[in-house]
Amino acid sequence: MQSRKIWAVAVTTTAFVLSVAALARDLSVVSWGGAYQDAQREVYFKPFMEKTKTPMTEENWDGGVGTLRAKVQGGNNNWDVVQVESEELLLGCEEGLYEKLDWAKLGGKDKYLPDAVNDCGVGAIVYSFILAYDGDKIKADAPKSWVDFWNTQKWPGKRALRKGPKTTLEIALMADGVAPKDVYKTLGTNEGVERAFKKLDQLKPNLVWWEKGSQPPQLLASGEVAMTDAYNGRIAAANDKDKKNFKIVWTNNLYTVDSWVIMKGSPNKAQAETFLVFVNDPQNQKNLPPKIPYGPTAKASTPLIDKSVLPNLATAPQNMASALPINDKFWLENLDKLSQRFNAWVAK
Amino acid sequence: MLRGAAAALHAALAGADDDAGDLRRALRRSRRREQLRAAALVLPLFLFLAACFVVPIGAMLSRGVIDTDITRILPAVTAALKNWDGRDLPAESAYAALIADIRTAREAGTLASAATRLNYDVPGFRTLLFSAGRQLPAELNGSARDALIGIDPKWGERETWAAIRRAGGPATDFYLLGALDLRRDADGSVVGGPSEQRVFRDVLGRTLWISAMVTLMCVILGYPVAYVISAQPPGRAGVLLFLVLLPFWTSLLVRTVAWVVLLQKEGVLNSLFLSLGIVNEPLKMIFNRFAVYVAMVHVLLPFMVLPLYSVMRSIPPSYVRAASSLGARPFTAFWRVYMPQTLPGIGAGCLMVFIQALGYYITPALVGGADDQMISYFIAFYASRTVNWGMAAALSIMLLTATLALYAVYNRLIGVERMRLG
Amino acid sequence: MRTGTETVGERVTGIGLAMLTGAVLAFLVAPILIIVPLSFSSGSFFYYPLPGFSLRWYQDFFSSSFWLPSLKNSLIVGTSATILATGLGTLAALGIWRARFPAQALVLALLISPMVVPVIIVAVGVYFAFAPLGLTDGYLGLILAHTTLGVPFVVITVLATLSSFDRTLIRAAESLGASQITTFRRVTLPLILPGVASGAVFAFAASFDEVVVALLMAGPGQRTLPRQMFAGINDNISLTIAAAATMLIAISLLLMIVVGWLQRRSARLRQSG
């Protein structure tokens, strides 16, 4: 009977698929996508695969410790190595979402910048959130600070900010005249939070949200927005690659470190560790800033970097002068509460 | 198939002395056998869908009303709170039980799940639990109550403890109420949630409104098109139908991408308008409600045109002609004679479009703005971006109830087996 | 329009209707027609007029380490899901057609319901159910979910074919001494085959276009083509997407022609049978 043949085919297919599914999966590395991940692919991923003959898959994500919680608590974790932001590192480490790192394998904690060392994570890059605009569209009388970001009279057009309370609330307060050193003190009070949301209310009709680091350059390029906050490296990469004339305002930039973590229970832990050793080798790290100006985290890397890119790094002294270091401890305590408030505010 | 019945009939008729009872019994037996065979053919798919569709969805939905995390992770304190009257602060024993629970949970690495659950109810609870876990001294000297309140005065508030008791399960209405922007206060009565967190009524209303508007636009655009096509000679009707079917077959993502390209600020339409001098500066046509309507109508219009067309094709033109020859004005002839006959098509099309629109996710996510997202977006958000599965389930319950109710109406009026595909 | 004695009003209505229809049909087809030429652009932006003609985006598609594997994944998942859905769906449709059994209407409504239940609910449901079983780490979870979504299409098309199937043919075959199995193979199957095949095409198209389940469930190793396109729109919007879209349009056109041909064939078979 024909249906029996169909069954035979179905059973064979299922058996085949099951056997495919039973195979161990490849090491998967998750980063922030776009120009940044393109650079990482050239500098880290491809050389790593060639050198160690380890097959690897990549993925990109747009952050949020909830995504990682959902993966681990839902039992659906198909990620091994993930690049995370500072408060995701602290939150996730405390909640047991990551494997503890073996620092001896990574050459000891002294080898790295202090901000790049954590029980669960090792720093990947040092970077800044900066104000960016298109120099071909705003020529004379350019904006100089977050205060100007709010001035839609003088500089008409939409604004883009990253969808989430972290960085957005700090920027709102600085635009409202709070000095960088007082930002977290203010944000720690209810009045401070109200003040930040009030300031955002003013801009809301003109706000567009981005979620992935690759979006701000696109929003600027398409003319969708006149100004945006952005990762400094993406803006430089767009200028470099797509011959854009985007300008960066470093005043009151928000400075921070991203880290690599290994997800809890990863079946590829050994390969993941080898990968982390590879990406923290100064000989490899020095190749990243020329492709995208994000600072290295191993101390020995900086002297090896091409001198011409140093002024574009977040760590350049003139860029550090007015910077606000993002306070990861603050966000560890307040992220959940402020996220809830922020999401409700956005959805309205 | 029927051979069994035929054979039985034959045998019964052949024997002259067989009585009618035998005949009936044989027929019944053979019909029963037929039914069993038929059911056996359906069974594999039935079991497959039960395992891969009904059970998973049922299990997911049950998370919206079942709440056992806290009893599992913090067993001592939930037991201690059973007898709490809720009027004053709980007894010292409850404080001591909580401290013991926090220590065990911290050790077992389960504190995060408990913290996540309680944080949904009282924002900031996560911090409360974890800072207690971090700061509690290894040896308690003195009262457990003082120790906890010393770490955070919130432990001295009734609401904090009420939240733990509310999460004690096993059943809960917390998420369902939350999906309607409601919550229970410390005394257990239902009140509105904090105003800055009320979003879901807006979202539900928006989902219904967008679906209704899209359905309406589909009828307005689809009706004349179906009418014109049905009036064409077969050859030309075929060509025109092809134009309706092509987008129907084209990947949803491809069409959504196309709209992004067309509508974006420096996209195809804006550059056309600018060069024709229709506008002086580019129009904002994407990441807003307009783009959502355009893209959704585009995707769903074929579902309106096709059932309308198949109904209209079967209406003999002689009816309208008869009405006209009896002196009816064209509009009257249309409205009183033609239109009523197309009502089944309108009904089928509207239900199809509305049901599908309710569950839309990808299109609004790609072309809409933050305040154009429909309920599906929030289900996905709670399921994969935070681990608030209870909320995802509660919202799913609402969406599924609405969808299934309409599906039942469709089934009743039109019949599922008559659904048209391309 | 139909008679020679139409009034001015009728003529105006007719012209108005024709123009409206033209506009709506243009609206339906325009996005597709606009994206196809873009994929052959030599520039890298979504602009008209095109700066020149080139195949660079197709080259990019076939040399990228993302697009081609995602096409492969889509084909693996789509084919497996189609085979499963077609087998299960055809059997079930035959069962429903064969005899009425208790609660049949309810069972049929259940078999069709994956088409009606919002995909996000299916996706979240299978995601939670499959993850603890380890099914989300390979193709299997995705295949099972896509089978679920494809089944209603097979059931509907096969039932539609069967509804116009003449049962006397079977009785005729059996009265000529053919066994049940022979009757099925020689009479029923050839007549319903076009319906089965078009059901399979629908099921394949459903899987090939599915993005929500893939978005939630697929790991980096099972990225399907729509999943990759979604990531592309969100992340690196480049004209490679237009190239991928153009190829998808070509595939849908092909599938559509196949179904049209199958349906005509099945109609002809019925008339001659």
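Only the coordinates and a few stated rules stand behind these numbers; no lab work does. Note that this is a predicted model, so its numbers are computed, not measured. Neighbour counts run over all protein chains shown; Cβ positions are idealised from the backbone, glycine included.
Any lysines with Cα under 16 Å of the A:Lys247 Cα? List them, leaving off those in the same chain fewer than 8 positions away. Partners within reach: A:Lys137, A:Lys139, A:Lys144.
Give the calculated FRET efficiency between B:Asp88 and A:Lys329 to the nearest 0.05, with a Förster radius of 35 Å applied to their Cβ-Cβ distance.
Working: r = 35 Å, r/R0 = 1.00.
Calculated transfer efficiency: 0.50.
Binning the alpha carbon pair distances of the protein assembly as shown at 10 angstrom intervals from zero yields the distribution 2, 9, 17, 21, 20, 14, 9, 5, 2, 1, 0, 0, expressed in whole percent.
Measuring between their Cα centroids, segment B:216-231 and segment B:116-155 lie 64 Å from each other. Charging the Cβ of each Asp and Glu at -1 and of each Lys and Arg at +1, and nothing else, the dipole of segment B:200-418 about its Cα centre rounds to 520 debye. Under a point spin-label approximation (7 Å from Cα along Cα-to-Cβ), what is the A:Ser145-A:Asp182 distance to one decimal in nm? Those two pseudo-labels are separated by 1.2 nm.
Can you bin segment A:224-348 into rounded, prolate or oblate? Criterion: square roots of the alpha carbon gyration tensor eigenvalues sorted a ≥ b ≥ c, rounded for a/c under 1.5, prolate for a/b above b/c, oblate for the rest. Mind dumping the intermediate values first?
On the way: a/c = 1.75, a/b = 1.07, b/c = 1.64.
Judged from the Cα gyration tensor, segment A:224-348 comes out oblate (a/c at least 1.5, b/c at or above a/b).
The mean sequence distance of close C-alpha pairs (under 8 Å, at least 6 residues apart), as a share of the length of chain A, puts its relative contact order at 26 percent.
Relative to the Cα centre, the charge distribution of the protein assembly as shown, modelled as +1 at Lys and Arg Cβ and -1 at Asp and Glu Cβ, gives a dipole magnitude of about 3520 debye.
Shape verdict for segment B:200-418, please, from the Cα gyration tensor: rounded (a/c under 1.5), prolate (a/b greater than b/c) or oblate. Because a/c hits 1.5 or more and a/b fails to exceed b/c, segment B:200-418 counts as oblate. Could you pull out every residue, at least 5 positions away or on a different chain, whose amide H is within less than 5 Å of the one on B:Arg184? Hs are placed 1.01 Å off N in the peptide plane, and Pro or chain starts have none. Amide H neighbours of B:Arg184, under 5 Å, 5+ apart: B:Val191.
Could you please rank C:Ser163, B:Ser189, placing first whichever residue has the fewest other Cβ atoms within 10 Å of its Cβ?
Values: C:Ser163 11, B:Ser189 7.
In order of increasing Cβ crowding within 10 Å: B:Ser189, C:Ser163.
Relative contact order of segment B:71-134: what whole-number percent is it, with Cα pairs under 8 angstrom and at least 6 residues apart?
Working: 47 pairs, mean separation 19.5, N = 64.
After rounding, I find 30 percent.
Across B:Arg31, B:Arg336, B:Arg236, mean-square fluctuation computed from a Gaussian network of chain B (C-alpha pairs under 10 Å connected) peaks at B:Arg31. Inter-chain Cβ neighbour count for B:112-125, averaged per residue, equals 3 (cutoff 10 Å, partner chain atoms only).
Note on C:Met256, A:Met49, B:Met296: ascending count of other Cβ atoms within 10 Å places them as A:Met49, C:Met256, B:Met296, the fewest first. Between B:Phe273 and A:Ala321, the distance separating the two model label sites (each 7 Å from Cα on the Cα→Cβ line) works out to 4.4 nm. Shielding value for C:15-22 is 4, the average number of Cβ atoms from other chains within 10 Å of each residue's Cβ.
Enclosing the Cα atoms of chain C in their convex hull gives a volume equal to 220 cubic angstrom per residue.
When both segment B:39-77 and segment C:199-227 are represented by their alpha-carbon centers, they are found 24 Å apart. Percent of Cα pairs in segment C:157-196 per distance bin of 10 Å, from zero to the largest separation: 32, 53, 14, 0.
Over the residues of the protein assembly as shown, the helix contribution to mean residue ellipticity at 222 nm works out to -19000 deg cm²/dmol, using -39500 (n - 2.57) for each DSSP H run of at least 4. Counting neighbouring beta carbons within 10 Å and listing from fewest to most, the residues A:Trp61, C:Trp261 come out as C:Trp261, A:Trp61. Pairs of alpha-carbon atoms within less than 8 angstrom and 6+ residues apart define the contacts here; what relative contact order does chain B have, in percent? Value for chain B: 16 percent.
For segment C:1-135, the gyration tensor built on C-alpha atoms gives an oblate shape. Its axis ratio a/c (a ≥ b ≥ c) is at least 1.5, and a/b is not larger than b/c. Packing order of peptides B:273-286, A:235-248, A:189-202, highest average first: A:235-248, A:189-202, B:273-286 (average count of other Cβ atoms within 10 Å over each peptide's residues). Within the shell defined by Cβ-Cβ distances under 13 Å, the residues around B:Arg126 carry a net charge of -2, with Lys and Arg each +1 and Asp and Glu each -1. Chain A has equivalent-ellipsoid semi-axes of 37, 25, 22 Å, by the square roots of 5 times the alpha carbon gyration tensor eigenvalues, sorted largest first. Taking every alpha-carbon pair within segment A:99-176, the share separated by more than 14 Å comes to 72 percent.
Output needed for chain B: three equivalent-ellipsoid semi-axes, defined as square roots of 5 times the C-alpha gyration tensor eigenvalues, in descending order, whole Å. All intermediate terms of the calculation are to be shown ahead of the outcome.
Numbers: eigenvalues 632, 293, 69 Å².
Calculated on Cα positions only, the semi-axes equal 56, 38, 19 Å.
Taking each of A:Lys111/A:Lys337; A:Lys53/A:Lys105; A:Lys51/A:Lys166; A:Lys286/C:Lys72; A:Lys111/A:Lys291 in turn, the alpha-carbon distance tops 29 angstrom for A:Lys111/A:Lys337; A:Lys51/A:Lys166; A:Lys286/C:Lys72.
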